[in-house]
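Here's the structure we're looking at; comments come further down.
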Amino acid sequence: MTESIAAVPVERPAAAHWLLQLRRAFNANATSWVGLVVFLVIVALALLAPLIAPYDPLDQDIISRLEGPSAAHWFGTDSYGRDTLSRLLWGARLSLVIGSVSILSAMLIGGTIGIVSGYVGGKFDLVVMQAMDVLLSFPSLIMGLMVVAMLGPSMGNLIIAIALTAIAPFARIARAPTIAVKERDYIEACRALGYSDLRIMAVHILPNIMAEILVMGSLWLATAIRTEASLSFIGLGVRPPVATWGGMIREGFENILDSAWLSIFPSLAILLVVFSLNMLGDGLRDAIDPKLRGGE
Amino acid sequence: MPEPMLEVAGLRKFFEVKRGFPRATTVTVRALDGISFTVGAGQSFGLVGESGCGKSTAGRAVLRLIEPDEGRVAFKGEDVLAAGKERLRALRRKMQIVFQDPYASLNPRRMIGKALTEPMRVHGVGAPGERVARAELLLAEVGLPKNAMTRYPHEFSGGQRQRIGIARALTLEPELIVADEPVSALDVSIQSQILLLLQGLQERRRLSFIFISHDLGVVRYFCQSMAVMYLGRIVETGPIPAIFKEPLHPYTKMLRDASPVPDPTRKVAMLRIEGEVPSAVNPPAGCHFHTRCPHAMEICRKAYPEWTPLGDGRGVACHLHKV
């Protein structure tokens, strides 16, 4: 046999698993590293809030209200004398939890809808995708506003509202590569081998489109955090006195002329998170996009 | 001829395609226009024709990877097209497919070991340990080492991937394999290895093959009988030696004369096939081949020639050969 097996390279594949593929994409683009590191630092700070926050975020100190940044209060205090830095750290937890839970559910629901719709095709696909287009036609803030206004402002409802705005984009992003992948011979081989549709979708299509969904996830996490802040800003977020970034901006807004730091610091925090996630997602997408098409 | 493994009768598949803008009109592509053939047990049946003649559609329709509109497919006497979900699943174990493009036929994110044990798992064959052992045996049978189990498709060459594709088709111990241009995408040197492998498997396992190819030389080497397709219809069928000795349909004759024979002293007046295959959307009236046929007569432009059985398993659809 001329086709020697020794010719097979022994080193591990760089592209086979979607996790490995993501890692390669990461290395190809430095900005995604910056994005990831900044985002991970923010997550770590949020997780460590109970340990590192200098004060209780709800502790009021009427004597030292509306103080500017100082050694005792790095980011100053608000109109109730609460420490802005501590509220910022605790608020990060809430923003990240609401953002990630809503985006994870949207990923799960939207991704499932997209894969099934793309796989089944035909009239079903047409109807489902038109329903998604209807969802998509609402700007996410308006949509969130409607849902929270109907259900009332609470953390759970906020998550539902944000998830609803993100389902349609995830359905779209999952559907397109599903349609491309399902035409490939190996999917036909699955059908010839008598695999169930469920198995084909979950075991053979999903891993091939996972990278695209994850990239979308990181970009939409930023949007979700922004939407949460916007809703909190107009008073439809988690109720005070719980600290959220959007809520802090609103409260600071009342004293914007004499104590601008109250709004500026939470705004900067949102900026930083959104910026880092977008860098992460953009970098990943640029690195992955052209290669994914080949199916490698 | 031995008892038939597969009988196909009047298989028809039309695709409706919307064409044109802004006002789309529906056109019908006659991919399969009533084809019939029989594959004997342990035999290889060649399905030959130019691209777009419907030969791949035929292979897929037999396996119901494409649902045919009409016709009958009987596997060992059992009606495949009427089979319900459960029966079809059982039938799938007996009928498998090998694809043309080895780069598209393996899931790039699935380890070879998983790809080979999964069919057994799905069909509840053997215990997990047995499945791995069986997969390793299959790899050995197609000429690949055990350590291929833990590798991914992109670590293999085209020929090796094709071997893996063949091993996967064998996991459920099928009796019939539809080989859709199994060597067309490979280098010539690899082609012969894969053909030898398929031939060895056929002898050891008593497999029947539907061998789809545009390469007459390959079909002549691999098959016992064949059918020539043109625009969705079979124009001639019969045992390989007879067809190659004396092709009856002008198209078959042209195909035969166009396929090279390794004999420098052989001189033939090459009859060239002029022009392109007409569109299957709008096939020529009468005999589809009359636009390219050197013997075209008046009647060929008007009526499609009836199927004429000639005995010995031969048959032809041509006005030149009316009984």
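The values are calculated or read from the model by the stated rules, or taken from the named source; none is laboratory data. Remember, predicted model here, so these are calculated numbers, not experimental data. Every residue, glycine as well, gets a Cβ built from its backbone with ideal geometry; the counts of neighbours run over all protein chains shown. With ligands, DNA and RNA removed, areas are computed over all heavy atoms of the protein, side chains included. Shrake-Rupley method; radii C 1.70, N 1.55, O 1.52, S 1.80 Å.
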For the pair A and B, the solvent-accessible area buried on both sides (1.4 Å probe; DNA, RNA and ligands excluded), in Å² to the nearest hundred, is 3200
Out of B:195, B:65, B:88, a Gaussian network model of chain B with alpha-carbon springs under 10 Å gives the largest mean-square fluctuation to B:65
Each residue of B:184-194 has, on average, a number of other protein chain C-beta atoms within 10 Å of its C-beta equal to 1
Quote the relative contact order of chain A in percent (integer), defining contacts as alpha-carbon pairs under 8 Å separated by 6+ residues.
-> 26
In Å², what does the accessible area per residue of region B:76-124 work out to with a 1.4 Å probe?
-> 42
What is the dipole size for chain B, taken about its Cα centre, with +1 at each Lys and Arg Cβ and -1 at each Asp and Glu Cβ, in debye to the nearest 20?
-> 640
Tell me which aspartates and glutamates have Cα within less than 13 Å of residue B:114's Cα, excluding those fewer than 8 residues away on the same chain?
-> B:136
By a straight-distance test (C-alpha under 17 Å), which lysines pair with residue B:94 as possible cross-link partners, with residues fewer than eight away in the same chain excluded?
-> B:76, B:85
Using Cα pairs under 8 angstrom and six or more residues apart, how large is the relative contact order of region A:223-270, in percent?
-> 30
GNM on chain A, Cα springs under 10 Å; top mean-square fluctuation among A:259, A:95, A:232 goes to A:259
Rounded if a/c is under 1.5, else prolate if a/b is larger than b/c, else oblate: which is region B:5-124, with a ≥ b ≥ c the root eigenvalues of its Cα gyration tensor?
-> oblate
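Ignore the peptide's own chain and count Cβ atoms of other chains within 10 Å of each Cβ in B:113-123; give me the average, rounded.
3
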Average beta-carbon neighbours from other chains, 10 Å sphere, peptide B:150-161 | 4
Nearest-0.05 FRET efficiency for residue A:48 and residue B:310, computed from C-beta distance (R0 60 Å) | 0.10
Take A:251, B:130, B:236 and sort them by solvent-accessible surface of the protein heavy atoms, 1.4 Å probe, largest at the top.
-> B:130, A:251, B:236
Express in whole angstrom the spacing between the alpha-carbon centres of region B:55-128 and region B:188-230.
-> 19
Name the most mobile residue of B:166, B:240, B:66, meaning the one with the largest mean-square fluctuation, in a Gaussian network model of chain B with Cα contacts below 10 Å.
-> B:66
Given the protein chains as shown and a 1.4 Å probe, how many square angstrom of residue A:216 are accessible, to the nearest 10?
-> 30
To the nearest 20 debye, what charge dipole does region B:70-219 have about its Cα centre, counting +1 at the Cβ of each Lys and Arg and -1 at the Cβ of each Asp and Glu?
-> 640
Roughly speaking, to the nearest percent, how much of region B:1-135's 1.4 Å accessible area is carbon and sulfur?
-> 50
Evaluate the relative contact order of region B:36-169 (contact order divided by residue number), counting alpha-carbon pairs under 8 angstrom at least 6 apart; express in whole percent.
-> 22
Scanning chain A for helices, which whole DSSP H stretches are 30 Å or more long along the axis (Cα) and average 1.0 or more by Kyte-Doolittle?
-> A:84-120, A:155-182, A:206-233, A:261-292
Rounded to the nearest 10 Å², what accessible area does residue B:103 show when all protein chains are kept and the probe is 1.4 Å?
-> 120
Relative to the longest principal Cα axis of chain B, at what angle does helix B:188-205 sit, 0 to 90 degrees, rounded to 10?
-> 70
Ignoring ligands and nucleic acids, what accessible area does residue B:304 show with a 1.4 Å probe (Å², nearest 10)?
-> 60
Too-long pairs where the Cα-Cα distance tops 31 Å, listed order kept, from A:182/B:13; B:18/B:253; B:253/B:302 = B:18/B:253
